[in-house]
Amino acid sequence: MTRNGSTEEAIFRAAEKEFMEKGLEGARTVKIARNAGVTHSMLHYYFRTKEQLFNKIMQDKFRLIVESVLKVLGDESLPLLERIRQGMTDHFDFLVRNPELPRFMINHVLGNPEVYAAFQAEMGVNGKGIILNLQSAIDKAAEQGEIESVDARSLAMDIMALNLFSLLAYQMGQHVLGYPVMSREEFFRIRKEENIETIIKRLRIRL
């Protein structure tokens, strides 16, 4: 049987949706095949086991996180504040494009030792070096009187917390506070700008 790129992509996207909603244990390959418009046997031709398909999706998500967040924060060609602005923008946009990912991480990655170990391995090598690089840039800018001195790890946590809460706030607002009072796009545009300004204000020298 000859492999078809569009068929493989259809299976991958259907599986991504199923795994994001139900995790490894709850996902059903029969449903994935049906949603992809292929037979069950064809799904197993392209991806031999459910675990293999799940691992491929996880690798793709890990790669996206690394590329869209960590690598931008570690780009030495950008001025420090621009690096942070761009990193926050990429992280925020990534979350908006993948609204199921935070819940999936909590429910199905952090609670699964094998999957979490793979996530740590993927993030650890890239993350440690980039945080050290960012800390060096922060220290240099602080010594020159351009910004306040901060811990790069704490800064990264603040960025992630602000962006993650914006996503949760929109979902809570829809169900609890009677949102939307504005479009989804407008809500996230405003929140992204405010989050970036909050972090930049923290870094500015206090007179």
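The values are calculated or read from the model by the stated rules, or taken from the named source; none is laboratory data. On a predicted model such as this, the values are computed, not experimentally measured, just so you know. Virtual Cβ from ideal backbone geometry, glycine too; neighbours counted across all protein chains shown.
Annotations for the structure displayed:
- Within region 42-92, the only residue that satisfies the criterion of being surrounded by fewer than 17 Cβ atoms within 10 Å (Cβ to Cβ) and aromatic (Phe, Trp, Tyr) is 45.
- Taking region 96-123 as the range and being surrounded by 12 or more Cβ atoms within 10 Å (Cβ to Cβ) and among the basic types (Lys, Arg) as the test, only 103 passes.
- Candidate set: region 24-41, residues that are of a type in the set (Gly, Ala, Ser) and farther than 26 Å from residue 112 by Cβ; chosen: the one surrounded by the fewest Cβ atoms within 10 Å (Cβ to Cβ): 41
- Check on residue 61, touching a Leu at 6+ places or on another chain (Cβ under 8 Å), basic (Lys, Arg), at pLDDT below 90 and assigned to a helix (DSSP H, G or I): yes
- Residue within region 94-101 that is of a type in the set (S, T, N, Q) and either without any contact (Cβ under 8 Å) to a residue 12 or more places away in the chain or assigned to a helix (DSSP H, G or I) (or both) present: no
- Candidate set from region 149-207 (those that are closer than 30 Å to residue 136 by Cα and modelled with pLDDT under 85); member that is surrounded by the fewest Cβ atoms within 10 Å (Cβ to Cβ): 207
- In region 24-58, the residues that are assigned to a loop (DSSP other than H, G, I, E, B), touching a Lys or Arg at 6+ places or on another chain (Cβ under 9 Å) and under 12 Å from residue 7 (Cα atoms): 47
- Any hit, region 103-115, residues being assigned to a helix (DSSP H, G or I) and over 24 Å from residue 26 (Cα atoms): no
- Residues in region 7-49 that are within 25 Å of the chain's Cα centre (by Cα), of a type in the set (Gly, Ala, Ser) and on the phi < 0 side of the Ramachandran plot: 10, 14, 15, 26, 27, 36.
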